[in-house]
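Data block below; observations after.
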Amino acid sequence: MERNLKNVLVISFGFLLLFTAYGGLQSLQSSLHSEEGLGVASLSVLYAALILSSMFLPPVLIKKLGCKWTIAGSMCCYIAFSLGNFYASWYTLIPTSVILGLGGAPLWSAKCTYLTIAGNSYAEKAGKNGKDIINQYFGVFFLIFQSSGIWGNLISSLIFSQAPNKVEISEENLACCGAYGCMTDTTNTTGSAGPSSSLIYTLLGIYTASGVLAVLLIVTFLDQIKSHQAETEKEILETPSFWSTFLATFQHLKDKRQCLLIPLTMYSGFEQGFLSGDYTKTFVTCTLGIHYVGYVMICFSAVNSLCSLLFGKISQFTGRKLLFALATVTNAACIIALLLWKPHPKQIAVFFVFPALWGLSDAVWQTQTNGLYGVLFEKHTEAAFANYRLWESCGFVIAFGYSTKLQVYIKLYILLSVLVLSMVTYGVVEYLEAKSSPGTPPATKKENVEPVTQETCM
């Protein structure tokens with residue numbers, strides 16, 4: 001096997017093992033640690049730390065440690081979060097959430113840097129186009145990595161389904177589920193009885209072991225960047241400096257198109273935060289039990305991955321405006337339906353319809369918003385995508401931050417309002433683009449930008 005491809009596979013399976021654990025834990029936070037909103041508070045703190053991390057840490061750590069050891073060290077931050085869940089309290093989970101947030105941005109940046117250098121190195125040897133090889137390597141990475149959402153949630157559901165203490169849910173308890181339910185801290189007791197401590201420890205043990213295996217895989221099998229590649233890495237990290245990048249992020253707000261895209265970018269964080277923080281807790285866990293959360297999130301992950309691939313292919317034929325319209329209608333319909341729906345255990349299929357439709361919409365928000373940034377700000381991509389990460393993370397922080405303070409129906413109204421505002425401001429952006437280049441429809445411009453590499457190179 002060609003050496004660079006071997007390294008790509010090592011990184012890909014390392015991330016698969018790591019995010020099998022983290023993805024499963026994130027889906028369960030609001031249900032496992034519902035007392036005083038500890039679970040969603042930890043996620044809010046996590047994304048706040050991620051904002052700070054993405055601004056300052058990646059260039060410094062990669063320059064000092066190199067890509068391999070930055071990846072390995074950052075993975076240890078994720079393991080710390082798994083360990084914090086063993087004895088979850090404000091004194092263990094919040095600090096480990098901060099640690100994970102600080103490690104998140106260097107992890108993704110080091111991965112992107114490594115794959116870029118590996119792709120250019122092989123292209124130089126083989127006499128091929130570097131961009132083509134890099135896109136191929138990222139394609140291999142995401143083909144393997146995207147399945148982590150399925151495996152992590154499948155593990156949690158299989159383990160929690162072993163609980164012998166499932167109970168019949170009374171109609172009185174069911175009244176506390178859904179958009180207009182009760183403001184309680186222990187919604188998982190209104191459904192089936194919560195999983196035993198032994199099952200929770202078993203799950204956390206598997207997740208922690210998966211993270212440890214990821215670190216061992218990287219440390220043992222990932223090659224360090226060769227000396228002749230060091231200059232390439234140095235150029236990537238030093239041009240520009242992280243201070244200039246930090247300043248450029250806010251200077252980029254002088255572009256009114258960037259300001260108009262802030263609601264759309266934040267909405268991406270809002271809608272993902274609602275699904276993983278509120279839908280799983282108030283609808284699924286409350287009505288069916290915590291062992292169904294994993295199955296529901298598997299449905300979301302599978303549809304999201306398939307639609308991301310599909311929309312990436314067809315966007316060149318349909319244009320982005322049609323896809324944004326599809327996502328808007330789908331998401332708005334889901335929000336309105338959730339406001340009207342009274343969840344009941346006999347309606348099991350409906351619990352999977354919502355995450356499936358949500359996955360379809362999220363696929364548009366992720367692929368097309370990234371592509372839109374790439375098209376509009378082609379000459380300032382670094383500052384533009386720094387803004388993307390900043391405002392999306394702000395959406396997560398706000399969504400998780402008010403999760404325990406407001407009733408679900410209020411959150412749904414907020415979500416719908418932000419969605420409407422996002423489409424209005426997005427429409428203004430499209431109008432400005434059409435006005436600036438009459439005779440050339442925005443949809444026909446170069447918009448088949450490779451979104452995944454930009455989105456995840458934090």
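The values are calculated or read from the model by the stated rules, or taken from the named source; none is laboratory data. Bear in mind the structure is a predicted one, so any value in this text is a computation, not a measurement. No Cβ is skipped: glycine too gets one built from the backbone with ideal geometry, and neighbour counts run over all protein chains shown. The protein model used for the area step is the full one, side chains on, heavy atoms only, and it has no ligands, DNA or RNA in it. Shrake-Rupley method; radii C 1.70, N 1.55, O 1.52, S 1.80 Å.
Taking other residues whose beta carbon is less than 15 angstrom from the beta carbon of Lys411, and scoring Lys, Arg as +1 and Asp, Glu as -1, yields 0. Ligands, DNA and RNA left out, the 1.4 Å accessible surface of segment 280-414 is 70% carbon and sulfur atoms.
Remark: for residue pairs Lys63/Lys125; Lys63/Lys379; Lys321/Lys405; Lys313/Lys346, the C-alpha separation exceeds 29 Å in Lys321/Lys405; Lys313/Lys346. In this structure, Gln316 and Gln224 have a Cβ-Cβ separation that, at R0 = 35 Å, corresponds to a calculated FRET efficiency of about 0.35. For segment 298-354, the convex hull drawn through the C-alpha positions has a volume of 72 cubic angstrom per residue.
Sorting 264-272, 345-353, 137-145 by average packing, meaning the other beta carbons within 10 Å per residue, from highest down gives 264-272, 137-145, 345-353. Listed peptides 211-222, 285-296 appear in the order 285-296, 211-222 once ranked by packing, highest mean of other Cβ atoms within 10 Å at the front.
With each label modelled as a point 7 angstrom along the Cα→C-beta vector, the Val353-Glu36 pair spans 4.0 nm.
Can you list the equivalent-ellipsoid semi-axes of segment 252-435, largest first and in whole Å, using the square root of 5 times each Cα gyration tensor eigenvalue? Numbers along the way, then the final one.
On the way: eigenvalues 176, 63, 40 Å².
Square roots of five times the eigenvalues give 30, 18, 14 Å.
The residues of segment 252-435 have, on average, 36 Å² of accessible surface per residue, using a 1.4 Å probe with all protein chains present.
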